[in-house]
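Enquirer: My questions all concern the structure below.
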Amino acid sequence: MAWHITYHHKAIGDMKKLGKTESLRVEKAIDKVAQNPLPHQEGGYGKPLGNTATSKLAGCMKIKLKNLGLRVVYQLIREAEAMKIVIISVRADDAVYKEAERRLGGGE
C-alpha cells in the first residue's frame, strides 16, 4: 500500500517549473518511492539525509534522478503514513539541501 503524498506549497511550484517530460518522470519516481518510502535500512527505497556543516536534514530522505540532475527531498510523517515532498530542484552544490532546510524550518 502506497503512502499518502503531500507537497510543501513551494514544491508544487517546483513541479510546475519543470517541463512536461521532466515532471512526468519526477511523478513516476515519487509514486514508486511512495510504495515504501522508509529508509533503506528498514527495507524501503529512502536514501536518508543527515546533518552536515551546510544543512540539517536528519529525518529527511532524497530521491536522486541522476539522468535529470534533479533531487527530491521528502519528509516522512509516520503517524499519518504520509510522504511530504519538500523540494524538487537541481542539486547544484547542495543549494537544494539548504533550501529544503529553509522550507522545513519555516524560513519562508
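Enquirer: Between residues in the range 85-103 that are under 14 Å from residue 74 (Cα atoms) and in contact (Cβ under 8 Å) with a residue 60 or more places away in the chain and residues that are part of a strand (DSSP E or B) and of a type in the set (Lys, Arg), which pairs lie under 9 Å by C-beta distance while being six or more apart or on different chains?
Expert: Cβ pairs passing all conditions: 87/71; 88/71; 89/71.
Enquirer: Separate question: Can you name every residue in the range 2-51 that is in a loop (DSSP other than H, G, I, E, B) and either within 15 Å of the chain's Cα centre (by Cα) or in contact (Cβ under 8 Å) with a residue 40 or more places away in the chain (or both)?
Expert: Result: 3, 8, 18, 35, 36, 37, 38, 44, 45, 49, 50.
Enquirer: Which one is modelled with the highest pLDDT, of the residues in the range 38-57 that are touching an Asp or Glu at 6+ places or on another chain (Cβ under 9 Å) and not polar (S, T, N, Q)?
Expert: 57
Enquirer: Any chance the range 58-68 includes a residue that's modelled with pLDDT under 90, within 14 Å of the chain's Cα centre (by Cα) and closer than 23 Å to residue 105 by Cβ?
Expert: yes
The values are calculated or read from the model by the stated rules, or taken from the named source; none is laboratory data. Just so we're clear, the structure is a prediction, and the values are computed from it rather than from any experiment. So basically every Cβ, Gly included, is an ideal-geometry build from the backbone, and we count neighbours across all protein chains shown.
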